[in-house]
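The values are calculated or read from the model by the stated rules, or taken from the named source; none is laboratory data. Computed from a predicted structure; not experimentally measured. Cβ coordinates were reconstructed from backbone atoms using ideal geometry, including for glycine residues, and neighbour counts include every protein chain displayed. The area values use the complete protein model at the heavy-atom level, side chains included, leaving out ligands, DNA and RNA. Shrake-Rupley method; radii C 1.70, N 1.55, O 1.52, S 1.80 Å.
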Amino acid sequence: MATHGIRSFTLNPYLFTTTTNARRLLNVGENQAMYYVIDLADKQCGPALAAWMKRQPDIQLLDTATWSKKTQAFWVSGSGAGAALLFTAILGLFVGGVIVGQTLYSMTKEHLLELATLKAVGARPFELAGFVLWQVAFLAAAGVVSGFVLALVLKRVLENAGLTVVVSPETVGLSVMATILMCAMASITSLVAVYKLEAATVLR
Amino acid sequence: MSEKSILIRARGLAKTFRPAAIETPVLRGISIVIRSGELALLMGPSGSGKTTLLCVLSGLLRPSAGEVELCGVPISRLPDCAAAEVRRDKVGFVFQSYNLFPALSALDNVAEVLALKGTPREQARGIATEALARVGLGARLGHRPGELSGGERQRVAIARALAGSPALILGDEPTAALDRHTGMDIVQLIKDQVSERCGVLLVTHDIRLTRFADRVIEIDDGQIVSDGVAVAADETGGGSGG
């Protein structure tokens with residue numbers, strides 16, 4: 001059976017064919033374990049077939065939802081792919097944190113004289129911190145918006161190529177929180193610089 | 001009987017810096033009183049301790065020894081936050097390099113400092129407009145510092161210092177970045193603010209400013225070497241207070 005529009009990031013593409021053909025193409029012996037998708041022509045046979053299969057010691061029967069969870073668990077934690085993705089995400093957060101931290105610090109340094117002036121004329125520490133926090137909020141908002149737009153564009157491109165990318169509200173929420181947390185962590189150096197700023201520098 | 005009140009009272013001030021474990025005494029036993037109604041100049045050669053003294057008197061630096069009272073508050077003994085509060089309420093600063101916020105208009109530069117005092121935004125803008133009009137910049141409210149001349153920038157800085165109705169105006173070389181004519185205008189403007197409720201202390205190298213001063217305090221090597229009624233200098237730079 002010929003197919004088109006199927007993509008997989010594993011090296012084995014999905015193949016719709018007979019069992020014999022599949023075993024031959026994949027070089028799998030007759031007694032080796034395989035997963036089969038059963039699509040009954042007569043749905044009425046389902047319960048009887050399921051009952052028979054459950055009695056077989058070497059057959060495991062999975063419904064669609066269980067199969068989905070099992071597959072997700074395999075790719076997320078049972079294979080190296082999940083760990084690789086997690087590592088990439090953490091690395092991205094770390095690199096992003098360093099870049100945001102450097103950007104914030106250089107923005108703060110550019111305005112040290114103004115901040116020292118404010119401190120000299122009586123600004124409270126939280127008012128000075130507000131300067132950094134506004135920049136953090138701006139960078140976080142810019143990061144969230146640009147990241148979301150990029151994700152949507154990628155989703156569309158990959159969907160056109162036949163690969164479904166799920167961007168769930170949970171994923172979006174987690175990404176936003178991770179971005180805000182990263183920006184907050186990255187602002188610590190700048191906040192310390194502002195806090196330690198000597199107001200007397202304005203008169204030197 | 002004079003209504004003049006004491007704005008600064010400093011006793012036995014000493015300040016020693018210790019960069020890399022080397023002790024550098026900058027102020028040595030300075031006692032000084034500044035009253036309202038007077039414009040006092042703090043003069044002396046480079047490195048004599050003028051700016052350090054101004055920092056200590058305003059609570060920007062803590063003295064190593066001695067005590068400073070600013071408007072009756074022992075500012076040298078207060079924590080930084082409390083000292084900042086005293087400065088916010090009692091002191092207006094005029095800096096050598098103006099220290100304006102380049103992204104803000106003249107109006108907002110003045111209003112921003114009032115906002116620090118908790119003045120509502122609209123009221124702050126009204127007071128800032130009046131202060132800028134007083135220094136002759138009523139028509140330049142919307143201009144940013146980059147669009148103003150040096151003299152105009154210093155006028156904005158003066159308006160910023162005056163807007164909060166401070167008891168004391170402290171200036172650090174306010175004319176150093178200005179030409180002679182503009183510098184004299186600026187000091188006259190500062191002099192005009194002196195009243196029974198307001199005094200001025202300016203650090204300067206410029207001997208020509210003595211003609212505006214009620215008093216000249218000379219400092220050298222961290223000690224006051226003379227303190228007395230100003231004698232106007234001639235235009236060639238001869239003569240000084242003392």
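Scanning the stretch B:195-210 for residues that are under 26 Å from B:Ala133 (Cα atoms) and surrounded by fewer than 18 Cβ atoms within 10 Å (Cβ to Cβ) returns B:Ser195, B:Glu196, B:Arg197.
Checking A:Thr164 against (1) part of a helix (DSSP H, G or I); (2) open to solvent by 70 Å² or more (accessible area, probe 1.4 Å), only one condition comes out false. Which one? Unmet for A:Thr164, out of (1) part of a helix (DSSP H, G or I); (2) open to solvent by 70 Å² or more (accessible area, probe 1.4 Å): (1).
Where strands (runs of 3 or more DSSP E) fall entirely within the stretch B:1-85, those with at least 2 residues that are open to solvent by 20 Å² or more (accessible area, probe 1.4 Å) are at B:6-17, B:24-35, B:65-70.
Within the stretch A:185-194, is there a residue that is within 14 Å of chain B (Cβ to nearest Cβ) and in a helix (DSSP H, G or I)?
Yes, the stretch A:185-194 contains at least one residue that is within 14 Å of chain B (Cβ to nearest Cβ) and in a helix (DSSP H, G or I).
Scanning the stretch A:72-120 for residues that are within 14 Å of chain B (Cβ to nearest Cβ) and in contact with a helix residue (DSSP H, G or I) (Cβ under 9 Å, 6 or more places away or on another chain) yields A:Met107, A:His111, A:Leu112, A:Leu113, A:Glu114, A:Leu115, A:Ala116, A:Thr117, A:Leu118, A:Lys119, A:Ala120.
Within the set A:Leu61, A:Leu118, the sole residue that is more than 30 Å from B:Ser58 (Cα to Cα) and out of contact with any strand residue (DSSP E or B) (no Cβ under 8 Å at 6 or more places or on another chain) turns out to be A:Leu61. Does the stretch B:150-161 include one or more residues that are within 9 Å of chain A (Cβ to nearest Cβ) and crowded, with 16+ Cβ neighbours inside 10 Å? Among the residues of the stretch B:150-161, at least one is within 9 Å of chain A (Cβ to nearest Cβ) and crowded, with 16+ Cβ neighbours inside 10 Å, which makes the answer yes. Count, please, the residues in the stretch B:81-105 that happen to be more than 8 Å from chain A (Cβ to nearest Cβ) and of a type in the set (D, E, K, R). So the answer is 1.
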